[in-house]
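Below you'll find the structure, written out as structure tokens, and then a few comments.
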Amino acid sequence: MDQKTTIYDIAKKLDITAATVSRALNNNPKISEVTRKLVLETAAKMNYKQNRLAQSLRSGKSNNVGVIVPRIDSNFFASAIRGIEEELHPEGYHIIICQTHEDENRQVENITTLLNAQVDGILMSITNLSKENEYIIKNVVRKNVPLVFFDRKKNMDGVSSVTINDFEGGYLATKNLIEQGCKRIAHLTGDQSLEIYANRKNGYEKALLDNGLELNSDYVFRVRSSVDAGRQAADRLLSLETPPDGIFSSSDFAALGAIQELKERGIKVPEEFCVFGFGNEPFTQFMELSISSVDQSPLEMGKMAAKVFLEQINNTDNVKIEKKVVLTPELHIRKSSTRIK
């Protein structure tokens, strides 16, 4: 088996020190451009390959960043990951993507694996985290590994976050339904232990109260973010003695399912029933009956999360940086909530 070329072989070939070779390979500013170019050309000819693991152990940096999301098969998280990579790749970072599939234990495993891989930081959209598993986040903070929550977050000391104003998004979406003449508005919500769903629900309730409408607990259903869940929720809502005439859904997928159920029952949308979703998934604008939705700005959110990480990792002071960035939601009002007047 051929022996691997070392920096000592390159140094001997060029009659320079191994330290000079090492500095040239790592773009040390003390090395002249002429020497650096000569070392790189010689290294290529001699088929030299740097030992990245040894290099990271010496420098204390792996140039890898972990990204944890519930799933990657959604436009929101795919766009957020794209935003993260667009910001980090030019800075020399590579990302390692992990999925939790909404499984808390898998989330703990993901974080443990990334820490063992000595990533330089973790950017994550959190899945429900029980008290007994909060230790894993505290472990990240204790190891001084920069941690940035995006979209879904948990308020914890030492952890930065990038979110949108979910309360305002829920408020404005519900207000739009009221302005279209809806009097009995239902809400399809998510896991209330996650702040994004609790805040959207709070926005919905505040809009009703501000406009003199009754809060009816029978109109609020916790659902998964799926078309089937939306259909089932709509079926139950329509079976009520006094069914609603509008739905604000925390999920575009559930909103789509609700519309399918309404159509199957011969209920006209939006003439008889209005629907507003959340997420601005691509399908919402391309359907024959386009769906009104709150845009979460995933690309911008991913870019901002990466920028917050870079600010932390490049901080030369001993002062801990903790940022809470809140983006403004944008409403896309389409056919599903626009009655012809």
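The values are calculated or read from the model by the stated rules, or taken from the named source; none is laboratory data. Note that the structure is a prediction, hence the values are computed from the model and not measured. Positions of Cβ are backbone-derived with ideal geometry, glycine not excepted, and every protein chain shown enters the neighbour counts. Accessible surface areas use protein heavy atoms only, side chains included; no ligands, DNA or RNA. Shrake-Rupley method; radii C 1.70, N 1.55, O 1.52, S 1.80 Å.
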Report the full-extension gain for the segment Arg265 to Lys49: residue separation times 0.36 nm, less the Cα-Cα distance, to one decimal in nm.
71.2 nm
Estimated inter-spin distance, Thr6 and Ile321, nm [label 7 Å along Cα→Cβ]:
3.9
Rounded if a/c is under 1.5, else prolate if a/b beats b/c, else oblate: with a ≥ b ≥ c from the C-alpha gyration tensor eigenvalues square-rooted, which is the range 89-178?
prolate
On the protein heavy atoms, probe 1.4 angstrom, tell me the percent of accessible surface of the chain carried by carbon and sulfur.
47
Would you rank Asp210, Asp191, Asp157 by solvent-accessible area, highest first, keeping every protein chain in place and using a 1.4 Å probe?
Asp157, Asp210, Asp191
For the pair Phe283/His332, report the inter-label distance in nm, with labels modelled 7 Å from Cα in the Cβ direction.
1.4
Using Cα-Cα distances under 8 Å and only pairs 6 or more residues apart, what relative contact order does the chain have, in percent?
17
Please say if the range 80-121 is rounded, prolate or oblate, where rounded means a/c under 1.5 for a ≥ b ≥ c the square roots of the C-alpha gyration tensor eigenvalues, and otherwise the choice is prolate for a/b larger than b/c and oblate otherwise?
oblate
Using a 1.4 Å probe, what is the accessible area per residue for the chain, in Å²?
52
State the answer as a single residue: which of Asn26, His101, Ile10 lies farthest towards the positive end of the charge dipole of the chain, with beta carbon charges of +1 for Lys and Arg and -1 for Asp and Glu, about the Cα centre.
Ile10
Computed magnitude of the charge dipole of the chain (debye, nearest 20; Cβ of K, R +1, Cβ of D, E -1):
1220
With a Förster distance of 30 angstrom and the Cβ-Cβ distance between Asp228 and Thr112, calculated FRET efficiency to the nearest 0.05 equals 0.35
About its Cα centre, what dipole magnitude does the range 227-341 give when the only charges are +1 on Lys and Arg Cβ and -1 on Asp and Glu Cβ, stated in debye to the nearest 20?
200
Which labelled figure in (1) 36, 27, 14; (2) 52, 20, 17; (3) 33, 24, 19 is semi-axes √(5λ) of the Cα gyration tensor in Å, once derived from the coordinates:
(2)
From DSSP H assignment alone, runs of 4+ in the chain each adding -39500 (n - 2.57), the sum over residues rounded to the nearest 500 puts [θ] at 222 nm at -13000 deg cm²/dmol
Row for the range 161-290, column shape: gyration tensor on C-alpha, a ≥ b ≥ c, rounded if a/c < 1.5 i.e. under 1.5, prolate if a/b over b/c, else oblate; value rounded
Set the Förster radius R0 to 35 Å, insert the Cβ-Cβ distance between Arg142 and Leu215 as r into 1/(1 + (r/R0)^6), and round the FRET efficiency to 0.05.
0.25
